[in-house]
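Working notes, beginning with the structure itself.
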Amino acid sequence: MEEENLQQLCKQYIMGVHDAMDLLNGKWKISIIAVLFYHKERRFSEILTEVKGISNKMLSKELKDLEINQLVKRKVLDKQPIAVEYSLTDYGYELQDMINSLSNWGIKHREKIIHSK
């Protein structure tokens, strides 16, 4: 019975990893979320500037996907010309610890690789 419980927990764990990876997959989503962690609210053009290498079309697609998944909210500002601001939802902020851990690991990995040459 205990082996069966372990297998079920493992399946659940793996399913959670797959669900998270399906949502956050690709080159840009985590970078977009990270920008919004540090700047709270950003206009489209500001995100475009900070996420180096992303195209207008791709940023638009990724922001829509993050909005559909309730991680990012879009606010149309009452200005002329019309401006739009993006920010993280409370649900989006739940990713902060994971992204901080990922960033910290990436920094350590870069140092390890640089010093091992």
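The values are calculated or read from the model by the stated rules, or taken from the named source; none is laboratory data. Note that the coordinates shown come from a computational prediction; the quantities given were computed from them, not determined experimentally. Every residue, glycine among them, receives a Cβ derived from its backbone with ideal geometry; neighbour counts consider all protein chains shown. Calculation scope for accessible area: heavy atoms of the full protein, side chains included, ligands and nucleic acids excluded. Shrake-Rupley method; radii C 1.70, N 1.55, O 1.52, S 1.80 Å.
For Val72, the residues whose modelled amide H falls within less than 5 Å of its own, excluding neighbours fewer than 5 places apart on the same chain, are Glu67, Thr89. Modelled label positions at Met98 and Arg74, each set 7 Å beyond Cα in the direction of Cβ, lie 2.3 nm from each other. Between Leu36, Leu95, Leu66, the Gaussian network model of the chain with springs among Cα atoms under 10 angstrom shows the greatest mean-square fluctuation at Leu95. Of the residues Ile32, Asn56, Ile107, the one whose Cα sits farthest toward the positive end of the charge dipole of the chain, with +1 on the Cβ of Lys and Arg and -1 on the Cβ of Asp and Glu, is Asn56. Ellipsoid semi-axes for the stretch 8-117, based on the Cα gyration tensor and the rule √(5λ), read 28, 20, 12 Å when sorted largest first. If you plug the beta carbon distance of His109 and Tyr13 into 1/(1 + (r/R0)^6) with R0 = 35 Å, you get a FRET efficiency near 0.90.
Of the solvent-accessible surface of the chain, computed with a 1.4 Å probe over protein heavy atoms with every protein chain present, carbon and sulfur atoms account for 55 percent.
For the chain, the solvent-accessible area works out to 77 Å² per residue, with a probe of 1.4 Å and every protein chain left in place. Looking at the chain as a GNM with Cα springs under 10 Å, which of Ser31, Ser87, Ser55 has the largest mean-square fluctuation? Among Ser31, Ser87, Ser55, the largest GNM mean-square fluctuation belongs to Ser55.
Annotation: Tyr86 carries an accessible surface of approximately 20 Å², with a 1.4 Å probe and no ligand, DNA or RNA atoms counted. Taking amide H atoms as placed 1.01 Å from N in the peptide plane, the amide H of Val84 lies under 5 Å from those of Phe44, Leu77, each 5 or more residues away in sequence or on another chain. For Lys79, a cut-off of 23 angstrom between C-alpha atoms picks up these lysines, skipping any fewer than 8 places away in its own chain: Lys40, Lys64.
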